[in-house]
1. Ratio of Rg to Rh for the chain, alpha carbon only, Kirkwood?
2. To the nearest 10 degrees, how steep is helix 209-221 against the longest Cα principal axis of the chain, on a 0 to 90 scale?
3. Provide the gained length on full extension for the span SER410 to ASN108, in nm with one decimal, where the gain is 0.36 nm per separating residue minus the Cα-Cα distance.
4. Can you classify the range 183-256 as rounded, prolate or oblate using the Cα gyration tensor, where a ≥ b ≥ c are the square roots of its eigenvalues, rounded means a/c under 1.5, and otherwise it's prolate if a/b beats b/c and oblate if not?
5. Could you grab the relative contact order for the chain? Cα pairs under 8 Å, six or more apart, rounded to a whole percent.
6. Let me check I've understood the local charge: for SER206, count other residues with C-beta under 10 angstrom from its C-beta, Lys and Arg +1, Asp and Glu -1. What total comes out?
7. By its C-alpha gyration tensor, with a ≥ b ≥ c as the square roots of the eigenvalues, how is the range 330-437 shaped: rounded for a/c under 1.5, else prolate for a/b larger than b/c, else oblate?
8. Between the range 395-437 and the range 278-300, how many Å separate their Cα centres?
Amino acid sequence: MQAYRAALLRFAADRAPAHSAVYEEDGLLLVGPDARGQQVVQAVGPYAQLAPQFAQVPCEDLRGRLIAPGFIDLHNHYPQTDVIASPAEGLLPWLENYTFPEEERFSNPDYCAQAATFFIAELLRNGVTTSLSFASAHTASVHALFEAARQQQVRLITGLCLMDRHAPDGVRNDTEQSLLDTEALIQQWHGVDRLGYAITPRFAPSCSHAQLRGAGELADRYPQVWIQSHVAENKDEIRWARELFPQSRSYLATYADFGLMRERAIYAHCIHFDDEDRALMKGTGAAAAVSPTSNLFLGSGFFDYAGADRVGMRYGLASDVGGGTSFCPFHTMLAAYVVGREGQTKPGLSLKPQHLWWQHTAGAAAALGLDGRSGHASIGNLQPGCEADFVVLNPKATPLLARRTARANSLDELLFALIVLGDDRLVERTVVSKRTV
Ligand code: GUN
Ligand code: ZN
């Protein structure tokens, strides 16, 4: 076992609302292997209470630092790492002019390998320990990302991007072959170490009926596997999806009609929804990957937090790199705060810092079905039994952070200062499975 003495942040399972944080100003975190050899939290609480009981365990003194759960990025695209900061009038021209040409390069395994290595390192540098990521439409891109993640013991869920139409040569795949490849990749990678597979139809407009039907059949046959896609991001995209699938009640309902909505299905954006869409999300157990930096950058719109909470649908935060502008969870949480104030059915909403942080940790874990329910692994928190992925934050990382955090009079004030002023300098260390990376 290994103990760490520091300020500690975690989330209570037994408090309402679920996103209430528990804070220990002088805490002790004990990490050790469980029966499967996975490093998990063995005990956590006030230092004064736990120290006598664990006096024999080596303890690292990190007073002055804050230990918090590793961040979970619910949606991003590793082949778009080099697309960040490409301006466009909106989603569809951005895809056509920047994204598809870059993704074409992922037919080359060497190109994939260097991009995957950089991407995983960048996640970890920013304190992200779990990621649900798109690969490209080439199997080499999937293998490369799984291999890079496995090497670093990051929890990584990805899948072959399914797109058999409405994209240029070189980024599309063949309908039949893409489904065979998906099944082979599930069998090779899903559940290996900390890796998981996600069936990945890019979005309804890029997939034929046959490809969506095949994806839905696989989702039914492999219920433990995740599903990821995009929905209701941009008005032009929605118009196009409605033209292509007029028989469905809405763009979102198209996915349900093909058997692609269930627990472990994560839909990026979910901006332009009505209450029937929200009820469909809730009823099927699907969750939204809210991607605020991307939505602001591409001018897509604003996720409606009040609407989501009114109906009770699940959501968590995502970078959506490279539509998103940053790998940094602090930047994403700040953008979510801005979005929470704008364009809402309930104007002037002020999302609480604990709620923002929860969306990027324990809330995202719940969206993935990785919050310890029904015997599955538990991540995104530091309660006993949770996988021991965490960040060590230095609230004095910059002169301004040091001044401002010294003035914080409450947990919310401290967290808000970190969210508003923080960047990768705040993350002194990222620890996955007891390895510092
Ligand atoms: N919709 C379909 N593909 C994409 C993508 O790569 N990024 C975003 N933001 N939206 C999409
Ligand atoms: Zn995306």
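Just so you know, all these numbers are worked out from the coordinates, no wet-lab data involved. All figures in this text were calculated on a predicted structure; none of them were measured in a lab. As a convention, Cβ positions derive from the backbone with ideal geometry for all residues, glycine included, and neighbour counts pool all protein chains shown.
1. Values: Rg = 20.9 Å, Rh = 21.7 Å.
Looking at the chain, the ratio lands at 0.96.
2. Around 40 degrees separate the two axes.
3. Values: separation 302, 0.36 × 302 = 108.72 nm, distance 5.12 nm.
Between SER410 and ASN108, full extension yields an extra 103.6 nm.
4. Values: a/c = 2.88, a/b = 2.15, b/c = 1.34.
Prolate.
5. Working: 1002 pairs, mean separation 80.0, N = 437.
In percent, rounded to a whole number, it is 18.
6. On the way: positive: ARG165, ARG172, ARG202; negative: ASP164.
The answer is +2.
7. Working: a/c = 2.31, a/b = 1.16, b/c = 1.99.
Oblate.
8. 27
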